[in-house]
Each structure stands twice: as C-alpha cells, then as structure tokens.
Amino acid sequence: MMKRALLPLAALLLWTGTMNAQQNNRNQNRPDYGNQNRPDHSSRPNPDAQYGRPCNGNCLCGGRPVNTRFAMSDMDFADALTEINKQAFDKDKLRMAIFISSNNYLSSDQIAAISKRFSFEDGKVDLLKSAYANCVDKGMYFKAINTLTFSANKDKVWDYVNATNPNR
C-alpha cells in the first residue's frame with residue numbers, strides 16, 4: 001500500500017526537477033552582454049518613475065523602476081545638429097529643433113547643445129519648454145536651463161517645468 005502512495009509522489013518530484021533543469025538551461029543559454037546594456041541607476045533614484053517599469057532583475061537598480069527611454073545616439077544627434085545648423089534664421093532652427101525634440105528622446109546635455117545654436121533667448125525658451133517632455137534625464141534639466149542668460153527667461157522655463165510636474 002505504501003509503495004503505491006509513494007509512486008505518484010516520486011513521479012511528481014521527478015517531473016518538477018526536470019522542469020527546473022529546463023528553466024535553468026534556458027537562462028544559461030541567454031546571451032550576457034555584460035553591464036554595457038544594463039542601466040546603472042543605483043547611484044541616484046530615477047526621477048522619471050512615472051514613466052518607468054518595475055525592475056526585471058536584469059540591471060543594477062536594486063528593484064527601483066527603470067527608465068525605458070534612451071537618448072538619441074551620438075551619431076544621430078550629430079546629424080540632427082548638422083540639420084539645425086543648416087537653417088539660416090532662428091525661427092527655422094526652432095522649427096527644426098522642435099521637430100527633432102518631439103520625435104526623439106534627448107538627454108539634457110543634448111538639449112543644451114541644441115539650445116546653444118540659437119542667437120536669441122526667445123527661441124531657446126520655446127525649445128526648452130518643448131523639449132522637456134522628451135528629456136530622458138529630467139533631474140538634470142538644469143543643465144539645459146543654464147544655457148539661458150537672463151534670469152527672467154530661466155524663471156519662465158522653471159515655471160513651465162514645475163507646472164508640468166506638480167508632484168515636485
């Protein structure tokens with residue numbers, strides 16, 4: 001009688017062990033690209049938690065939300081700057097810059113580099129307001145705002161940023 005009761009239990013344990021071995025093999029066959037593809041945002045909290053997703057365990061974040069957006073590559077950004085520089089007038093540069101910033105994710109450093117292409121502050125202010133939505137590192141946006149010369153214009157952009165993020 002005891003042998004009959006142990007037989008299904010042994011079969012279940014054997015099946016469970018086989019399934020675990022298959023799962024481990026699947027994980028071992030996954031390529032490991034090293035840390036270059038894993039975001040290291042453990043040094044500071046993610047300022048864009050509302051745009052993040054729960055950690056999938058494949059990064060160094062310690063379980064905090066991960067920003068899934070990446071800034072434009074250096075090569076694409078160089079091409080974008082070339083196109084902006086081709087424009088003769090600030091209004092044309094602004095039109096091109098707003099198009100680029102609304103269709104791509106940019107870092108605050110990239111937005112600052114675009115902002116420096118403008119001769120007048122009005123174009124910079126319009127760009128900084130427009131580009132904020134697609135900035136991947138909003139916590140560092142002060143770098144872009146500091147490209148402005150006049151404090152009144154900086155206040156306009158800070159007011160816009162604060163109105164966009166009421167929880168700050």
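The values are calculated or read from the model by the stated rules, or taken from the named source; none is laboratory data. Not measured: the values here are computed from a predicted model. Because the Cβ atoms are built from the backbone with ideal geometry, glycine has one as well, and the counts that use them run over all protein chains shown. Heads up: the accessible areas ignore ligands, DNA and RNA and are worked out on the full protein's heavy atoms, side chains in. Shrake-Rupley method; radii C 1.70, N 1.55, O 1.52, S 1.80 Å.
When you look at residue 131, is it among the hydrophobic types (A, V, I, L, M, F, W, C) and open to solvent by less than 50 Å² (accessible area, probe 1.4 Å), yes or no? Here the answer is yes, as residue 131 does meet what is asked. Candidates are the residues of the stretch 66-101 that are part of a helix (DSSP H, G or I) and of a type in the set (Lys, Arg); the one that is least open to solvent (accessible area, probe 1.4 Å) is 93.
Of 153, 146, all but one fail to be surrounded by 12 or more Cβ atoms within 10 Å (Cβ to Cβ), under 24 Å from residue 71 (Cα atoms) and touching a residue at least 12 places away in the same chain (Cβ under 8 Å); the exception is 146. Residue pairs whose Cβ atoms lie under 6 Å apart, sitting 6 or more positions apart in sequence or on different chains, and linking a residue in the stretch 74-98 that is free of Cβ contacts under 8 Å to residues at least 24 places away in the same chain to a partner that is open to solvent by 30 Å² or more (accessible area, probe 1.4 Å) and among the hydroxyl-bearing types (Ser, Thr, Tyr), do not occur here.
Answer with yes or no whether residue 138 is more than 15 Å from residue 72 (Cβ to Cβ) and open to solvent by 20 Å² or more (accessible area, probe 1.4 Å). It would help to see each step written out before you state the result.
On the way: more than 15 Å from residue 72 (Cβ to Cβ): yes; open to solvent by 20 Å² or more (accessible area, probe 1.4 Å): no.
No: the conditions fail for residue 138.
Let me confirm something: among 115, 108, which residue is touching a strand residue (DSSP E or B) at 6+ places or on another chain (Cβ under 7 Å), among the polar types (S, T, N, Q) and surrounded by 20 or more Cβ atoms within 10 Å (Cβ to Cβ)? Show your work before the answer.
On the way: 115 fails: touching a strand residue (DSSP E or B) at 6+ places or on another chain (Cβ under 7 Å).
108 is the lone residue from the list that is touching a strand residue (DSSP E or B) at 6+ places or on another chain (Cβ under 7 Å), among the polar types (S, T, N, Q) and surrounded by 20 or more Cβ atoms within 10 Å (Cβ to Cβ).
In the stretch 118-128, the residue that is surrounded by the most Cβ atoms within 10 Å (Cβ to Cβ) out of those that are touching a Leu at 6+ places or on another chain (Cβ under 8 Å) and within 16 Å of residue 85 (Cβ to Cβ) is 124.
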